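The values are calculated or read from the model by the stated rules, or taken from the named source; none is laboratory data. Bear in mind the structure is a predicted one, so any value in this text is a computation, not a measurement. Using ideal geometry, Cβ is built from the backbone for each residue, glycine included, and neighbour counts are taken over all protein chains shown. When the accessible area is computed, the model is the full protein with side chains, heavy atoms only, and any ligands, DNA or RNA have been set aside. Shrake-Rupley method; radii C 1.70, N 1.55, O 1.52, S 1.80 Å.
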Amino acid sequence: MVVLLTPDAIDSGWVLREIEYALGTKNYSNRLIPVVVGDRNRLPDTGIPWIVRRMPWIELREGQGGLPEVKPIADAIRSAA
């Protein structure tokens, strides 16, 4: 499961429930991939579950031509499969 972390997502009860579901479900074991969209410093630490804060995060960065660089996300998905 790829979870896109933005300030609005952290404030969303639905997103937090999806994260909790993935953390508690055997099929998602080691398969939750947190991706920060935008500036990581804008995310409140208090709204992010502690276990997610300890996971490696991928930062969605702008690549060539202004498009997001998605290769790190694809690599993480491949390694979790």
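Send over a whole-number figure in Å² for the accessible area per residue of the chain, probe 1.4 Å.
71
Assuming R0 = 35 Å, can you tell me the calculated FRET efficiency for the pair GLU59 and LYS26, based on Cβ-Cβ distance, to the nearest 0.05?
Efficiency for this residue pair is about 0.80.
Under 5 Å between amide H atoms, partner at least 5 residues away or on a different chain: which partners does VAL2 have, H built in plane at 1.01 Å?
Here ILE33 satisfy the definition.
If you filter the chain for trypsin sites (Lys or Arg not before Pro), then keep DSSP loop positions with at most 14 other Cβ within 10 Å, what is left?
When the trypsin sites (Lys or Arg not before Pro) of the chain are filtered for loop state and at most 14 Cβ neighbours within 10 Å, ARG54 remain.
What does DSSP give for the chain in terms of the percent of beta bridges that are antiparallel, rounded to the nearest 5? Mind showing how you got there, number by number?
Details: 2 of 9 bridges.
If I count the DSSP bridges inside the chain, around 20 percent turn out antiparallel.
With Cβ to Cβ distances under 12 Å as the rule, what net charge do the other residues near TRP14 carry (K, R +1; D, E -1)?
Details: positive: ARG17; negative: ASP8, ASP11, GLU18, GLU20.
Here the count lands on -3.
Taking Cα Rg over 2.2 N^0.38 Å as the quantity of interest, determine which of (i) 1.09; (ii) 1.00; (iii) 2.41 was computed from the displayed structure.
Matching entry in (i) 1.09; (ii) 1.00; (iii) 2.41: (i).
May I ask you to derive the FRET efficiency for ASP11 and ASP75 from their Cβ-Cβ distance with R0 = 30 Å, giving the value to the nearest 0.05?
Given R0 = 30 Å and the Cβ-Cβ separation, E is 0.55.
Which value in deg cm²/dmol, rounded to the nearest 500, describes the helix-derived mean residue ellipticity at 222 nm for the chain, given -39,500 (n - 2.57) per DSSP H run of n ≥ 4 and division by the residue count?
Helix contribution divided over all residues of the chain: -10000 deg cm²/dmol.
Pulled fully out, how much extra length does the chain show between MET1 and ASP45, if you take 0.36 nm times their separation in residues and subtract their Cα-Cα distance?
13.8 nm
Which order do you get for TRP14, TRP50 if you rank them by accessible area with a 1.4 Å probe, largest at the top?
Result of the area sort, largest leading: TRP14, TRP50.
Which whole-number percent is the relative contact order of the chain (Cα, under 8 Å, 6+ apart)?
After rounding, I find 31 percent.
Give me the percent of the accessible area of the chain that comes from carbon and sulfur atoms, probe 1.4 Å, all protein chains in place.
52
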